[in-house]
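Novice: Before we start, here is the structure in question, set down as structure tokens.
No value in this document is a laboratory result; all are computed from the given coordinates. Just so we're clear, the structure is a prediction, and the values are computed from it rather than from any experiment. Cβ coordinates were reconstructed from backbone atoms using ideal geometry, including for glycine residues, and neighbour counts include every protein chain displayed.
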Amino acid sequence: MHKLLNINLCGVEFKNPIIAASGTFGYGLEYSNFIDLNRLGGISVKGISLNEVKGNPMPRIMETSAGMLNAIGLQNVGVEKFVKDKLPLLRRYNTKIIVNFWGKTLDEYIEVAKILDREDVDMLEMNISCPNIKEGGIAFGTDPKMTYDVVYNCKKVMNSKPLVVKLSPNVTNIKIFGKVAEEAGADAISAINTLLGMAININTRRPFLSNVTGGLSGPAIKPVAVRMVYELYKTINIPIIGIGGIMDYRDVVEFYLAGASAVQVGTANFVNPEIPLKIIDDLESYCLKNSIENISDIKGKVITN
């Protein structure tokens, strides 16, 4: 089924390029009562850390005029519980499992990568938008040297799984970070993570989020994400997974034309859990209608002259 949409990403065969984005799909299991998880190309689970994390205090999520602000705080059960309790249940589904992971220090990143590399997962996705507590809170993804170090050292302890590096858009030039990640050994890039945003209640004069700022996702960020994927595609030679504001098949086609090899659907899952499945069907129809033999044929084919 969906031969038009079959893709190969870093040696991993996906039935279609539609992946549920990390942070918007829980561990995947939460959505199993709403949609057939077997139809998805893949699931990127919420960010897994070395130890359990409770996340930020409420309120930590709010709707904006064209998206959503969140400051969940990377709440998760920790790698040990994930491997023991969540992964066996996930593995019952015929879809690719990508495990998003993060750490507060370089050593934590390395340890989690080492553990997950031994498990029955298809890919690892490194979230480098996290502050390094040993470096005064500078995010790994906003300093090229720190980006290189974390990618290089994690890749060094991994023997079997492709490593996807999820880039932060909160930088001056994303091309630099894509290149650095590639040179450090990344097998693919996912772009982009959320943009830093803020909202204020005009009646209380206080921020809506207890964390003050949060990550902006949804349709508002799509033009930024498409631009960054386009820039990365011209700069690096490894695949790019496009993320940011995808609501329908047209958005997916746009990301492909910019240079994406696959996409992740995030905030749309909160609007309607069935959107990813509709995108798969509509994308197949688009390929048939336009005599496209495989979705990968249009990758990077935007006409700019």
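Novice: How would the range 195-256 be classified by its alpha-carbon gyration tensor: rounded, prolate or oblate, with rounded meaning a/c under 1.5 and the a/b versus b/c comparison settling the rest?
Specialist: Prolate, because a/c is 1.5 or more and a/b exceeds b/c.
Novice: I want the local charge near TYR93. Using Cβ-Cβ distances under 15 Å, sum +1 for each Lys or Arg and -1 for each Asp or Glu among the other residues.
Specialist: Combined, the nearby Lys, Arg, Asp and Glu give +2.
Novice: Diagonalise the Cα gyration tensor of the range 247-305 and give the resulting equivalent ellipsoid semi-axes, square root of 5 times each eigenvalue, largest first, whole Å.
Specialist: Semi-axes from the Cα gyration tensor: 21, 14, 8 Å.
Novice: Where the eigenvalues come from the Cα gyration tensor of the range 88-135, what are the semi-axes √(5λ) of the equivalent ellipsoid, largest first, in whole Å?
Specialist: After diagonalising the Cα gyration tensor, the semi-axes are 25, 11, 7 Å.
Novice: Still on this structure: Rounded to whole Å, give me the distance from the Cα center of the range 277-305 to that of the range 76-98.
Specialist: 31 Å
Novice: Can you give the extra length, in nm with one decimal, that the chain gains between THR213 and SER65 once fully stretched, where that is 0.36 nm per residue apart less the Cα-Cα distance? Can you show the working numbers first?
Specialist: Numbers: separation 148, 0.36 × 148 = 53.28 nm, distance 1.63 nm.
Length difference between fully extended and current span is 51.7 nm.
Novice: Next question, about the same structure. Want the number for ASN94 to ASP36: 0.36 nm per residue separation, take away the alpha-carbon distance, what's left?
Specialist: Gain on stretching ASN94 to ASP36: 19.9 nm.
Novice: Using only the Cα atoms of the range 75-176, each taken as one equal point scatterer with no solvent, compute I(q) by the Debye sum, divide by I(0), and report log10 of the ratio at q = 0.17, 0.21 Å⁻¹.
Specialist: -0.77, -1.09
Novice: Among [x] 19.3; [y] 27.3; [z] 20.1, which is the computed Kirkwood radius over Cα pairs in Å?
Specialist: Comparing each candidate, only [x] matches the computed number.
Novice: Once you put a point 7 Å from the Cα of SER291 and another 7 Å from the Cα of ASP248, both along the Cβ direction, what distance in nm separates them?
Specialist: 2.6 nm
Novice: Okay, moving on. Restricting things to alpha carbons, tell me how big the range 1-128 is in terms of Rg and Dmax, in Å.
Specialist: 15.2, 45
Novice: Once fully extended, how much extra length lies between TYR152 and ASN51, figured as 0.36 nm per residue of separation less the alpha-carbon to alpha-carbon distance?
Specialist: 34.1 nm
Novice: How many angstrom separate the Cα center of the range 207-246 from the Cα center of the range 31-66?
Specialist: 17 Å
Novice: Considering Cα pairs under 8 angstrom that are at least six residues apart, work out the relative contact order of the chain and quote it in whole percent.
Specialist: Worked out over the chain, it gives 19 percent.
Novice: Further, regarding this structure: Under a cut-off of 20 Å between alpha-carbon atoms, report the lysines in cross-link reach of LYS46, not counting same-chain residues fewer than 8 places apart.
Specialist: Within the straight-line cut-off, LYS46 pairs with LYS54, LYS81, LYS84, LYS86, LYS96, LYS104, LYS114, LYS161, LYS166.
Novice: Another question about this same structure. Within the range 1-52, report the GluC sites (Glu not before Pro) that DSSP leaves as loop and that have at most 15 other Cβ atoms within 10 Å. Walk me through the numbers before you get to the answer.
Specialist: Details: sites: GLU13, GLU30, GLU52; in loops: GLU52.
Of the GluC sites (Glu not before Pro), the ones in loops of the range 1-52 whose Cβ has at most 15 other Cβ atoms within 10 Å are GLU52.
Novice: Which order do the peptides 232-241, 129-138 come out in when sorted by mean C-beta neighbours inside 10 angstrom, highest first?
Specialist: Ranking, from highest mean packing down: 232-241, 129-138.
Novice: Moving to a separate point now. What ranking do 56-62, 185-191 get when scored by the average of other Cβ atoms within 10 Å per residue, highest first?
Specialist: 185-191, 56-62
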